[in-house]
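Let me begin by presenting the structure, written as structure tokens, before commenting on it.
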Amino acid sequence: MEMIEQLFVMLKQAALALPQALLPAELYARYEGMLSLVIGISAILVFAPATMLFLTWMERKVVARMQKRYGPNRVGKFGALQPFADGIKMFMKEDIIPKAVDPLLHSLAPMVILIPAVMIFAVMPFGKDMILVDLNIAILFIMSISSIETIAILMAGWSSRNAYSLISSLRAAAQVISYEIPLGFSMVAVLMMAGSMSTLDIVLAQQGGWFVLTPWGFLGFLIFFLSGAAEVNRTPFDVPEAESELVAGFHTEYSGMKFGLFYMAEFLGAFAIAAFSITFFFGGWLDPFEPLLGFAILPSWLWFMLKTYVLVFVFFWFRGTLPRLRVDLLLNFAWKYLLPMALLNIPIAALWFYLPAGPIRWVAGWAIGGSLIFGMHQLLTYHRVKKLYGRYERPSRPVVTESVPLKS
Amino acid sequence: MSQELAWGSLGILMIFATIFATLPIAGAFFFRPRKAHDGKESTYECGLHPKKDTWNQINIQYYLFALAFLIFSIEILYVYPWAINFQKLGPIALLEMFIFLGVLIVGLAYAWRKGGLEWK
Amino acid sequence: MKVYGSSVLKGLLYTLKTFVSTYVEDFRRKGASSNGLLRSHADGVVTVEYPEKLLPIGATYERFRVLPMLIYDQQESGEKDIRCTSCGICAKVCPPQCIWIVQETDENKKPVPKPEAFYIDTSVCMNCGLCSEFCPFDAIKMDHKFDLNTTSNRQESYLYDMERLLVPAEYYAELHPKANAAEEEARRLEAEAKAKKEAAKKEAAAKKAVEAKAAKAAASAAEADAPKAAKADDPERAARIAAAKAKAAEAKAKREAAKAADGAETADAAAEVSETSSENESSPKASDEA
Ligand code: SF4
Ligand code: SF4
């Protein structure tokens, strides 16, 4: 068990053995940190495209099944080689740069969107001892680096010199910045309870129980997950890529590998949101049964992946179920629903903290917190729905009681 | 891990990520066909020829949202340090935070009532 | 109490159920060939894996139609008797104008009712089936073959010539058993009617011969009466006129008789119609009163 648990750590050690043997001891001691960092980075850079390939396949499979189709099934067993085929296709495709575009911005945008998408993996605790850098302000780092995506989208949309791309990129910017607010506030409760911004500390703070089991954790998770979905433009918040209105959104003018990079950034973003939801609310790589059984059933990194893929599945599930939100409803949802809810979460968390520990906290906390959440939900949605649809209320249809003569 | 080292690592990661992002495009450069012609290189948009240049003014609505975002994201920055130290600071700080959040909520309510959050 | 957003959960549950049910259904159907009818939408995966499995669409839906085909009857001599008479009706009605016909001519450059060349640009054809609807000779019918993809030159491979369009009548009968039976029946009735008509014609001709004889006799008598008039009036012509008059009278009588019969029928029908309509009228009124 211990071996599987430490599999990747040992692999790293094994990789370090070679330079250790070759280099003089003094030199090696000096550069050991650097070398292990490079190995870690390489691991991430292998992991990222592999995840992306798997996710594209998984998304198509899951959504297909939800629509009673098979999904990709021609390339390889269960279509498992389909993502590779797609990758090769994108790689070999002609890279068309339209004459009207701003060539520099146009070529730079896909790189700018991919770099933060990869960098966000740096603070992700994949398992015990499996984090690249344990930053003490990891949450701030996540928030700041994920908002670079907006700039890339704006670059792509503006440089394309295409009406739909421009509208799409502006919408994306409005959407991403709107959802960043509830995203930020939803993490306040977590910070209050964990007392640290480091992702590692947050995971370790959940050893007593996952945060999602508490009322503030539950609400925080919902807000974090939904606004995260909006941040990475997943359905039902994919207004920037609304095919039915905006052709292909901000990447209409892209082809070949550049388009592929956009695609990759999108999937990595979705994975990152799922993974950080796990980290902040579902105990990260912690084994939920370990405190009960006394030993770990699965290695920590497997737990992390399992939990993350459940949430990734939820993303695909949304995609298979929910239609796209209209753009005004989308922004309203951020400002007039998620934000008040996120603000409400702070007093709920404070209340939870000041309740005496033990069963009474669970009962009273859930009773008060749950009713507060429910009441707020009803208040906000009732207000919105009334206002939106009140004037469209259909008059009740007159009931036909007598048959009308065919001819008079 | 010391924080200087952590930030340095992030810098190195950024360099690697840049290479990672450039590599596919650079690699594709050697494989991809090049058969450019005018029709292909015109702006696609939606299949028709674009009628107007799109590099011009855009809806003011976006700036309103950007302004609201600016206000609230700075508030978030103020709330975070308090949140981290919430357990140490005690109930007085909680009260103060409620006052702060109250101001925030008043701001939100103001924007809401004024229709600043309404997409037109 | 209405909880807003609960319908989202409902929808999510529905898709999850679908997701699971497709796997369950796949497992249950494991090994069983699904090359049968369309699976019901309530269970399992609906998509048919097309190149391997083909739905028997033709067997299920006879009037399914893709691309026209020309029909010939196999003669005993081995010759192909193409039904088409190159009348050109189909080419006229074809909405995208994708039919092109060349009429055959004999040695004297006189057109004969046979097509020499018959082209259909199948990349233009929209499978509307109007050509087959309008053909008065049941010569052009709609096919069932729908996998038309080709890797060769599209321009040429989609331009069907007569060779590719021709199919034996048996093939058509197999594809469209019901329609073929109905047409066969119609053709039989037509042939019967034609035979009857021919018989009637023969009878009339026999009658005419008798009458002509009588007229000739009369004419000869007239000639004897007024020999001068004979000069101006050709006896044969007079005979023809007399015959024509007789025929016209006969035809008139026939027409009148037919009219009378028809009239009776139409009167009957009208009565029926008025009856039903009065019923129609009365029923709402009755309900009104009720
Ligand atoms: S196929 Fe029918 S309608 Fe067309 S030319 Fe021949 S006989 Fe006429
Ligand atoms: S099916 Fe319609 S489109 Fe095709 S050849 Fe016949 S009339 Fe023309």
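Some points to look at:
- For region B:80-113 versus region B:1-37, the gap between their alpha-carbon centres in whole angstrom: 41 Å
- Ligands, DNA and RNA left out, the accessible area of region A:62-197 computed with a 1.4 Å probe is 69% carbon and sulfur.
- For region A:132-140, Karplus couplings with θ = phi - 60° (6.51, -1.76, 1.60), whole Hz, Gly/Pro x: 6, 10, 8, 7, 7, 10, 4, 5, 4
- Per-residue mean of C-beta atoms belonging to partner chains within 10 Å, peptide B:86-92: 3
- Shielding value for B:30-39 is 3, the average number of Cβ atoms from other chains within 10 Å of each residue's Cβ.
- Cα-centred dipole magnitude for region C:68-175, charges only on beta-carbon of K, R (+1) and D, E (-1), debye, nearest 20: 420 debye
- Measuring heavy-atom accessible area with a 1.4 angstrom probe and counting protein chains only, the residues of region A:97-130 that give up at least 50 Å² relative to the chain alone are A:LYS99, A:MET111, A:ILE115, A:MET119.
- Residue-normalised accessible area of the protein assembly as shown, expressed per residue, 1.4 Å probe, Å²: 56 Å²
- For region C:78-93, 3J(HN,Hα) per residue [Karplus equation, 6.51 cos²θ - 1.76 cosθ + 1.60, θ = phi - 60°, Hz, x = Gly/Pro]: x, 7, 9, 9, 6, 6, 4, 10, 6, 6, x, 5, 4, 5, 6, 7
- Scaled radius of gyration (Cα, divided by 2.2 N^0.38 Å) that region A:253-335 gives: 1.47
- Convex hull (Cα only) mean projected area of the protein assembly as shown, reported in nm² to one decimal: 61.9 nm²
- From the alpha carbon centroid of region A:90-124 to that of region C:76-140 is 57 Å.
- Average beta carbon contacts from partner chains per residue of B:5-12, 10 Å cutoff: 6
- The amide H of C:VAL167, built 1.01 Å from its N in the peptide plane, has C:LEU70, C:ILE71, C:TYR72 as neighbours under 5 Å, considering only residues 5 or more places off or on other chains.
- Against the main long axis of the alpha-carbon atoms of chain B, helix B:3-31 sits at an angle near 20°.
- Value of Rg to Rh for chain A (Rh from inverse mean 1/r over Cα pairs, i.e. Kirkwood): 1.04
- Positive-end ranking of C:PRO56, A:LEU204, A:ALA173 along the dipole of the protein assembly as shown, with charges on Cβ about the Cα centre, is headed by A:ALA173.
- For chain A, built as a Gaussian network whose Cα springs stay under 10 Å, the top-fluctuating residue of A:VAL239, A:VAL123, A:VAL75: A:VAL75
- Within the shell of other residues whose beta carbon sits under 9 angstrom from the beta carbon of A:MET257, the net charge comes to +2, with Lys and Arg scored +1 and Asp and Glu -1.
- Shape parameters for region C:68-175, alpha-carbon atoms, Rg then Dmax in Å: 14.0, 43
- A 1.4 Å probe over all protein chains sorts B:VAL103, C:VAL102 by accessible area into B:VAL103, C:VAL102, starting with the largest.
- Extent along the principal axes, Cα only, for chain B: 70, 49, 17 Å, with the longest axis given first.
- Remark: relative contact order (chain A) = 19 percent; criterion is Cα-Cα distance under 8 angstrom and separation of 6 or more residues.
- For region A:225-310, the set of chymotrypsin sites (Phe, Trp or Tyr not before Pro) satisfying both a DSSP loop assignment and a count of at most 15 other C-beta atoms within 10 Å is given as A:PHE289, A:PHE295.
- Accessible surface ranking for A:MET187, C:MET126, A:MET305, 1.4 angstrom probe, highest first: C:MET126, A:MET305, A:MET187.
- Computed from the Kirkwood radius of its Cα pairs, the Stokes-Einstein diffusion coefficient for region A:58-122 at 10 °C and 1.306 mPa s stands at 107 µm²/s.
- Total accessible area lost when A and B pair, probe 1.4 Å, Å² to nearest 100: 6900 Å²
- Value of Rg to Rh for region A:234-283, rounded to two decimals, is 1.11; Kirkwood radius and Rg both from alpha-carbon coordinates.
- The largest accessible area among A:LEU344, A:LEU222 belongs to the first residue in A:LEU222, A:LEU344, and the rest follow in falling order (1.4 Å probe, all chains).
The values are calculated or read from the model by the stated rules, or taken from the named source; none is laboratory data. Remember, predicted model here, so these are calculated numbers, not experimental data. Counting neighbours? That spans all protein chains shown, and the Cβs are built from the backbone with ideal geometry, glycine included. Ligands, DNA and RNA are excluded from the accessible area calculation, which covers all protein heavy atoms including side chains. Shrake-Rupley method; radii C 1.70, N 1.55, O 1.52, S 1.80 Å.
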